[in-house]
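Here, each number is a calculation from the coordinates, and none is a lab measurement. This is a predicted model, so every value here is computed, not measured. Backbone-built Cβ (ideal geometry, glycine too); neighbour counts: all protein chains shown.
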Amino acid sequence: MKGWEWLIRRVLVVMAFSSLSLLALIALFIFAGGVPILAEVGVEQFLLGTRWAPTRGHYGILPMIAGSLWVTGGALVLGVPIALACAIYLSEIASEPVGRLIKPALELLAGIPSVVYGFLGLVILVPLIRVLLGGPGFSVLAASCVLAVMILPTVTSVSYDALRAVPATYREGSLALGATRWQTIRMSVLPAARSGILAGIILGMGRAIGETMAVIMVAGNATLIPVSPLDPVRTLTSNIALELGYAAGKHREALFATGVVLFLIIMGLNLVAEAVAGRGRSR
């Protein structure tokens, strides 16, 4: 029996470290493809250059970085208030039967393929923006609206768990002091769940900045720094997906270097989310 326990323990250890090994291999593959062009062009020129024309020797990805920040920021502005309101309603206000109905429906949004969101945005949202606000319709605003819906399950689910983890004594003590239900939520529950909610927002940010297909379909994919929500835009992920199929030589290396930048951004966001969530648990 002890021999079987030893074998199972070793198998579990190997399986646990396999995910870490896979991450290391992915990082090694991306960095091996992208570092040479970064060394040749220079990190500053690559990150701050405003012209992307790899076939002519121009490798500036600042328009794509700006596009990713615009789209991600817009998604957070539009999506986070709705997600937080849903989490508060489900955890503090909704009855149990209503919660059992709404929460699975929200989580089901995470299982819908991104191409479906992109198709709906292309058919409904882009023409609507074109008619009501002007411009081509393919824009920062269209991509932000689509991503706002896509991050709803992530932010809502993590925020809901954070709110439910607040001890019931916080609510009882606040109500006993004469606070209303909303005052209890606003002044006792939300501050106590702040770290978990912030971690959910950061994870939603990582989800938004890493999305590809839906953004390609509605953003317009222009390699220009946007100055308005109605301007077309290209993100880092879109740039890789659109050009990797035919890129070769230094062009391909530049796309790998774009992947390095994106990899570091998302890893940084995940580490920040883990640190924030860990600080909340330690309290």
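Within this structure, residue 237 fails the test of being of a type in the set (S, T, N, Q), free of Cβ contacts under 8 Å to residues at least 24 places away in the same chain and not in a loop (DSSP other than H, G, I, E, B). Confirm whether residue 100 is farther than 22 Å from residue 69 by Cα, more than 19 Å from the chain's Cα centre (by Cα), surrounded by 15 or more Cβ atoms within 10 Å (Cβ to Cβ) and not aromatic (Phe, Trp, Tyr). For residue 100, the condition - farther than 22 Å from residue 69 by Cα, more than 19 Å from the chain's Cα centre (by Cα), surrounded by 15 or more Cβ atoms within 10 Å (Cβ to Cβ) and not aromatic (Phe, Trp, Tyr) - is not met. Go through segment 137-165 and give me each residue that's over 30 Å from residue 194 (Cα atoms) and either among the β-branched types (Val, Ile, Thr) or in contact with an Asp or Glu (Cβ under 9 Å, 6 or more places away or on another chain) (or both). Hit for segment 137-165 is 139, nothing else. The criterion of being touching a residue at least 60 places away in the same chain (Cβ under 8 Å) and not in a helix (DSSP H, G or I) does not hold for residue 63.
Among 191, 153, 127, 136, which is the only one that is assigned to a loop (DSSP other than H, G, I, E, B) and either surrounded by 14 or more Cβ atoms within 10 Å (Cβ to Cβ) or at negative phi (or both)? It is 136. Do we have residue 42 as under 16 Å from residue 260 (Cα atoms) and under 25 Å from the mean Cα position of the chain (by Cα) here? So residue 42 fails the test. Checked against the criterion of being under 30 Å from residue 192 (Cα atoms), touching a Gly at 6+ places or on another chain (Cβ under 6 Å), assigned to a helix (DSSP H, G or I) and touching a residue at least 40 places away in the same chain (Cβ under 8 Å), segment 82-91 has at least one qualifying residue. Cβ-Cβ distances below 7 Å connect the following pairs, each with a first residue in segment 154-166 that is within 17 Å of residue 182 (Cα to Cα), a second residue that is among the polar types (S, T, N, Q) and part of a helix (DSSP H, G or I), and a separation of six or more residues or different chains: 160/91; 163/91; 164/91.
In this structure, residue 113 does satisfy being under 19 Å from the mean Cα position of the chain (by Cα), within 30 Å of residue 232 (Cβ to Cβ) and not aliphatic (A, V, I, L, M). Scanning segment 221-235 for residues that are surrounded by 21 or more Cβ atoms within 10 Å (Cβ to Cβ) and either touching a His at 6+ places or on another chain (Cβ under 9 Å) or hydrophobic (A, V, I, L, M, F, W, C) (or both) yields a total of 1. The residue that is surrounded by the most Cβ atoms within 10 Å (Cβ to Cβ), among those in segment 42-60 that are in a helix (DSSP H, G or I) and either in contact (Cβ under 8 Å) with a residue 60 or more places away in the chain or among the hydroxyl-bearing types (Ser, Thr, Tyr) (or both), is 46. All conditions but one from (1) among the acidic types (Asp, Glu); (2) in a helix (DSSP H, G or I); (3) out of contact with any Pro (no Cβ under 7 Å at 6 or more places or on another chain) apply to residue 253; the one that does not is (3). When 165, 142 are screened for being surrounded by fewer than 23 Cβ atoms within 10 Å (Cβ to Cβ), closer than 25 Å to residue 110 by Cβ and within 25 Å of the chain's Cα centre (by Cα), only 165 passes.
Residues in segment 243-259 that are surrounded by fewer than 20 Cβ atoms within 10 Å (Cβ to Cβ) and either touching a helix residue (DSSP H, G or I) at 6+ places or on another chain (Cβ under 7 Å) or of a type in the set (Phe, Trp, Tyr) (or both): 243, 244, 246, 247, 250, 251.
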